[in-house]
Amino acid sequence: MARVLYLDCFSGISGDMLLGACLDAGLPLDDLRAALGSLAVEELSIGSERVLRAGIAATRFVVAGQDDAQVQTQSRVHGHAHGHEHTHGHAHGGTVSGGHRSLPEIFALVDRSALTAGGKARVRELFQRLAETEAAIHQMPVEQVHLHEVGALDSIVDIVGAVFAMEWMGADQVICSPLNVGGGMVESAHGLIPVPAPATVRLLEGAPIYSGTIQRELVTPTGALLATSYATSFGPIPAMTLTRVGYGAGTRDNPGTPNVLRVLVGETVDAAEGDRVVVIECEIDDMNPQLFGAAMDQLYAAGALDVFYAPVQMKKNRPGTLLTVIGAPNRRQALTDVVFRETTTIGVRHIEMARQCLRRDWATVTTSVGDVRIKQAWHHGHIVNAVPEFDDCARLAAAHQVAVKEVQSLALRAYARTEGSRS
């Protein structure tokens with residue numbers, strides 16, 4: 001089973017909301033403080049509090065300058081912003097450690113954190129993407145970009161903290177809902193701009209978005225950056241066994257709509273229960289047979305899970321070929337494009353259906369001619385099938401000038417001895 005984290009962005013997303021949701025789902029605040037290292041020891045106070053948003057209990061992640069922490073808290077309680085960085089200005093009730101910072105300055109701050117080497121590299125990638133986005137918007141070289149709102153120390157804490165939180169969650173898959181971006185206009189360092197802000201729009205390219213009834217900024221640049229950088233796919237809640245739920249609060253308490261980011265954590269259900277595929281088919285009766293192999297190669301390169309041909313008798317009693325392509329639902333259009341490009345068909349049909357698969361893994365056995373991988377299939381915790389990898393057997397057979405079936409037999413006997421010794 002794989003660990004899944006689902007970001008439910010029905011009220012948008014910001015960096016502090018993501019951290020609040022992770023804290024609510026079990027991330028220890030002390031561990032988060034430790035990961036931030038000396039990044040925020042002197043200038044900022046890091047904390048959290050339990051709040052209600054439209055009747056839903058949630059955790060609010062709080063970052064404030066120690067001298068004005070009380071002012072900062074009061075301004076948030078009175079609802080001057082969606083989250084502590086959840087307008088394009090990213091700081092409210094008194095800017096927390098503001099200023100314009102270049103990438104090298106931000107990287108130096110990141111190096112003061114206690115993240116793992118991989119975590120620090122991920123943070124640098126995120127800020128590099130932000131800088132490239134700003135450079136494209138303002139038509140200037142990346143090295144000349146000074147990040148404004150997202151260069152403030154509290155927003156740097158959000159991104160560094162979020163990277164640690166996602167590492168702590170240990171999700172194999174991160175799936176994100178369509179994002180409610182809000183609407184209207186918002187004040188920025190450059191004056192009034194439409195929602196979603198230009199940087200947010202560019203960061204959300206390729207992600208499904210919509211505007212609901214709330215006409216405020218609901219997705220910040222930081223939120224857009226984190227959602228699109230971590231999400232492996234977008235869509236509805238997947239089939240999973242739910243283990244944890246976390247609610248991260250924005251500052252404003254919108255009547256009728258909980259101003260929260262919901263995080264669902266769970267384990268994928270058995271593929272026999274939850275796997276979905278799309279099946280694409282067409283019949284072909286006017287194509288050079290030499291092209292079928294090339295079409296198959298291109299379909300696999302485009303992400304097909306399986307491709308096969310079957311002889312059929314078509315209208316006017318002509319012999320033809322049935323092409324069937326199986327792939328992930330989100331690859332349907334890409335696979336269809338390949339079919340139209342590489343074959344002579346002028347139409348395809350497709351249907352989405354459930355697929356039942358056994359869990360598979362690999363074992364390696366040693367034979368007198370070399371090592372062979374064995375593909376194992378599991379069902380209800382038991383191995384129900386074990387097959388030597390054909391490519392390994394063919395390679396060893398050619399090297400030792402023996403029959404492939406002989407290598408297969410050697411591998412199966414070695415596997416049987418190995419399994420027998422474990423029982």
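The values are calculated or read from the model by the stated rules, or taken from the named source; none is laboratory data. What you are looking at is a predicted structure, and each value in this text was computed from that prediction instead of being measured. Glycine gets a Cβ as well: all are built from the backbone with ideal geometry, and neighbour counts include every protein chain shown. Accessible surface areas use protein heavy atoms only, side chains included; no ligands, DNA or RNA. Shrake-Rupley method; radii C 1.70, N 1.55, O 1.52, S 1.80 Å.
If you average 1/r across every pair of different Cα atoms in region 201-308 and take the reciprocal, what Kirkwood value do you get, in Å?
For region 201-308, inverting the mean 1/r across all distinct Cα pairs yields 18.7 Å.
Would you kindly derive the ³J(HN,Hα) couplings of region 306-322 from the backbone phi angles with the Karplus curve 6.51 cos²θ - 1.76 cosθ + 1.60 (θ = phi - 60°), listing them in order in whole Hz, with x for Gly and Pro?
7, 9, 8, 10, 9, x, 9, 9, 9, 4, 6, 6, 8, x, x, 10, 8
Tally Lys/Arg at +1 and Asp/Glu at -1 over every other residue whose Cβ is under 12 Å from the Cβ of MET185; what's the total? The partial results should precede the final answer.
On the way: positive: ARG216; negative: GLU187, GLU217.
Here the charged neighbours net out to -1.
Per DSSP H run of n ≥ 4, the term is -39500 (n - 2.57); total these for the chain, divide by its residue number, and report the mean residue ellipticity at 222 nm rounded to 500 deg cm²/dmol.
For the chain, the value works out to -10500 deg cm²/dmol.
Take the chain, drop everything but the C-alpha atoms, weight them equally and run the Debye formula without solvent; then report log10 I(q)/I(0) at 0.08, 0.09, 0.10, 0.12 Å⁻¹ to two decimals.
So the normalised log intensities are -0.61, -0.73, -0.84, -1.01.
What does region 120-257 give for Rg and for Dmax, in Å, if only its C-alpha atoms count?
Gyration radius and largest Cα-Cα distance of region 120-257: 15.7, 48 Å.
For the chain, what % of the accessible area comes from carbon and sulfur atoms, probe 1.4 Å?
52 percent
Enumerate by residue number the GluC sites (Glu not before Pro) in region 181-224 meeting two conditions: DSSP loop (anything except H, G, I, E, B), and at most 13 other Cβ atoms within 10 Å of the site's Cβ.
For GluC sites (Glu not before Pro) across region 181-224 that sit outside H, G, I, E and B with at most 13 neighbouring Cβ atoms in 10 Å, the list reads GLU205.
Based on the Cβ-Cβ distance of ALA398 and GLU49, what FRET efficiency does E = 1/(1 + (r/R0)^6) give at R0 = 51 Å, to the nearest 0.05?
Calculated transfer efficiency: 0.15.
Accessible area per residue, 1.4 Å probe, Å², for the chain: what's the number?
Values: 19930 Å² over 423 residues.
For the chain, the per-residue accessible area is 47 Å².
Starting from the Cα of ALA108, move 7 Å in the Cα-to-Cβ direction to define the label point; list residues of region 153-169 whose amide nitrogen is under 16 Å from there.
153, by backbone N distance to the label point.
Report, by chain and number, residues whose modeled amide H sits under 5 Å from the one on THR364, excluding near sequence neighbours (fewer than 5 apart, same chain).
Placed amide hydrogens put ILE374 under 5 Å from THR364.
Over the residues of region 381-423, compute the C-alpha Rg and express it relative to 2.2 N^0.38 Å.
1.30
Starting from the Cα gyration tensor of region 346-423, multiply each eigenvalue by 5, take the square root, and state the resulting semi-axes largest first in whole Å. Intermediate results must be reported in sequence, preceding the final value.
Working: eigenvalues 184, 85, 11 Å².
Ellipsoid semi-axes (Å, largest first): 30, 21, 7.
Please state, rounded to one decimal and in Å, the Kirkwood hydrodynamic radius that region 272-403 gives when every pair of distinct Cα atoms enters the mean of 1/r.
About 17.5 Å, per the Kirkwood formula over Cα pairs.
What residues qualify as long-range amide H neighbours of LEU305, i.e. H under 5 Å apart, gap of 5 or more or another chain, H built at 1.01 Å from N?
ILE326, GLY327, ALA328
Going by amide H atoms built from the backbone, whose H comes under 5 Å of the H on GLY182, apart from near neighbours?
Counting only residues 5 or more places away or on other chains, the set is GLY212, LEU218.
For region 208-231 and region 246-313, write down the distance between their C-alpha centroids in whole Å.
Each part's Cα centre sits 24 Å from the other's.
How much net charge surrounds THR59 when only the other residues with a Cβ under 12 Å from the Cβ of THR59 are counted, with Lys and Arg +1 and Asp and Glu -1?
+1
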